[in-house]
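J.: Let me begin by handing over the structure; questions about it come next.
All of the numbers you see were taken from the coordinates with simple rules; none came from a lab. If you're wondering where the values come from, they're calculated on a predicted model, not measured in any experiment. Ideal geometry is used to build each Cβ from the backbone, glycine not excepted, and the neighbour counts take in all protein chains shown.
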Amino acid sequence: MSPSSVAAGPLRRALLGVVTVAVTAAVITGCQPSFGGSPDRPAQTSTASPALSPALLSSVPVPMTTTTAQAGPSASGSPATATASPARPASPAATPNQPTTPPTSTRPTTTSASGPAPVGAGRIRPGVVYAGLGTYYGADGRGNCEFDRLSDPAMPVVAMNRLDYENARACGAYIEVTGPGGSTVVKVTDQCPECEAGRLDLSREVFERISGGLPGLPTVTWRLVSPASIGSIQYQVRDGASQYWLAIQVREHRNPIASLEVRVNGSWVALGREEWNYFVAPHGLGPGPFTVRITDVYGQQLVHTVNLAPATIQTTNSQFAQH
């Protein structure tokens, strides 16, 4: 063996060891499974949301929901109680419908088509006779209809039961009441919230007249009438009204008022009637004057001009025809 062969032997063995180690490592590496999945079966991607720690949960926004309280037993087992609305509205200075700041628009948000407002039949109909119990109270002309105190305390007036009051539709109506002692025409000036349908709560003088002095509470009959001598129709704009909140009342009308409309931009806009006997434009109709059209239960219509003059009686020169 030559010296060169002796020297080359260890070198070849060393190189062979290096190659063997490299091949062994490659084989071992190639046999390990893939943590992401093999090429023909990719790993599945989870769609579940990760769990949140309590610290993260406290920062997640929760949507607000509005619930309506339902009447029912209280937690103690006793029945829940509700507070009834007052029969009379708040004073004009505290009227909730009047905005504290002027809105961006002085016109109503809703309008109606031009033409007469529909005249509903209503509960009190011409030509129909009604019956109910007759009672009495200390009437003075004031009440839910928001009329003034009587100049003559003996003037016959009546408070109408809640159903026939019909959200102030009966206000100012004249009805003939008949009892054991005779008949009398009375004017509706108030509401009797606790009275059942058909019942009339009369002023004391009227009650004594129609009861004929008989003991107890008589059953009376009554019907709508259209009196002869009534004068002219009047209007009153409620105290506190402005170009941003308007409330108009009709007074001294011979027949019950079915609707009130105001001319706005060439169209008639019907105003809603409140239980306290005013027709209201909650967003106002500007500074006025206003062209107003009223319709009675017979379908008759009258047109008048009403000024924005709160708490002032405005008298016209016309009246509905008698029926």
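J.: Which order, highest average first, do 163-171, 210-218 follow once you tally other Cβ atoms within 10 Å for each residue and take the mean per peptide?
T.: On the way: 163-171: 21.9, 210-218: 12.9.
Order by mean packing, descending: 163-171, 210-218.
J.: On full extension of the chain, what length is gained from residue 239 through residue 315, given 0.36 nm per residue of separation minus the C-alpha to C-alpha distance? Walk me through the numbers on the way to the answer.
T.: Values: separation 76, 0.36 × 76 = 27.36 nm, distance 1.69 nm.
Fully extending the segment from residue 239 to residue 315 adds 25.7 nm.
J.: If you average the C-alpha positions of region 194-249 and of region 251-294 separately, how far apart do those two centres end up, in angstrom?
T.: If you average the Cα positions of each part, the centres end up 21 Å apart.
J.: Follow-up. Which value in nm describes the separation of the simple spin-label points at residue 298 and residue 183, placed 7 Å from the Cα toward the beta carbon?
T.: Taking the simple label geometry, residue 298 and residue 183 are separated by 1.7 nm.
J.: With charges only on Cβ, +1 for K and R and -1 for D and E, what is the dipole size of region 129-225 about its Cα centre, in debye, rounded to 20? Intermediate results must be reported in sequence, preceding the final value.
T.: Working: 9 positive and 13 negative charges, 30 e Å.
My answer is approximately 140 debye.
J.: If each of residue 223 and residue 307 carries a label point 7 Å out from its Cα toward its Cβ, how far apart are those two points in nm?
T.: 4.3
J.: Which of the three applies to region 198-308, rounded, prolate or oblate, going by the alpha-carbon gyration tensor with a ≥ b ≥ c and a/c under 1.5 meaning rounded? Write out the running numbers ahead of the final one.
T.: Values: a/c = 2.94, a/b = 2.29, b/c = 1.29.
It is prolate, given that a/c is not under 1.5 and a/b is the larger ratio.
J.: Something else now. Along Cα→Cβ, 7 Å out, is where each label goes; now give me the distance between the ones at residue 322 and residue 148 in nm to one decimal.
T.: 2.5
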